[in-house]
Amino acid sequence: MNAIDAAHKTVKDYPGGSEALGVRIGMSPAVLRSKVNPNTTTHKLGLEEAILICSVTNDLSTMQAAAAELGCVLRKVEVPAVPGGFVESMLRASSTQGALAQAVQDALSDGVISANELRLIESIGLSHQEAIMTWLGSLTAMSGKRALVAA
């Protein structure tokens, strides 16, 4: 699914649809429908509007689809709210690294990586990335900085 299709689905699936969401984001429901309609060329959804829609709906599928179009992955990272969360997040990152290494070792044991083994490795790998980003986010929070900046 591409980003505009995801945005269309997000607006359509929002309780009350474009009528309710349009009011929440300060946009005419008709204009909102046009901006997320994949068949409309006269209106385009802007980046700030897409971010606002994701924020209000708590649905990241538009941004995830945009990232996928660029060969990237978007994952929401929860930053631990308490200082002790730093240790917990560091241990989780270590744990997921071990799980990833084990999954790769298991997959390589017969010299062939099956489709199921690859899906498992990818899933654990994404969990490991999320754990690392959460750990880095906790460090950022401890440093007093506002946001983690990705390179």
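The values are calculated or read from the model by the stated rules, or taken from the named source; none is laboratory data. Treat the numbers as computed from the prediction; the structure is a model and nothing was measured. Heads up, the Cβs are rebuilt from the backbone with ideal geometry, glycines too, and the neighbour counts pull from every protein chain shown.
What the table shows:
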{"item": "Some residue of segment 105-119 being surrounded by 17 or more Cβ atoms within 10 Å (Cβ to Cβ) and farther than 25 Å from residue 22 by Cα", "result": "yes"}
{"item": "Helices (runs of 4 or more DSSP H) enclosed by segment 2-79 - at least 3 residues per element that are under 30 Å from residue 122 (Cα atoms) and not assigned by TED's automatic domain parsing to the domain that holds residue 128", "result": "3-13, 47-57, 61-69"}
{"item": "Residue ID - surrounded by the fewest Cβ atoms within 10 Å (Cβ to Cβ), chosen from residues in segment 120-151 that are of a type in the set (Val, Ile, Thr) and at pLDDT 95 or above", "result": "121"}
{"item": "Number of the condition not met by residue 89 [criteria: (1) closer than 27 Å to residue 139 by Cβ; (2) free of Cβ contacts under 8 Å to residues at least 24 places away in the same chain]", "result": "(2)"}
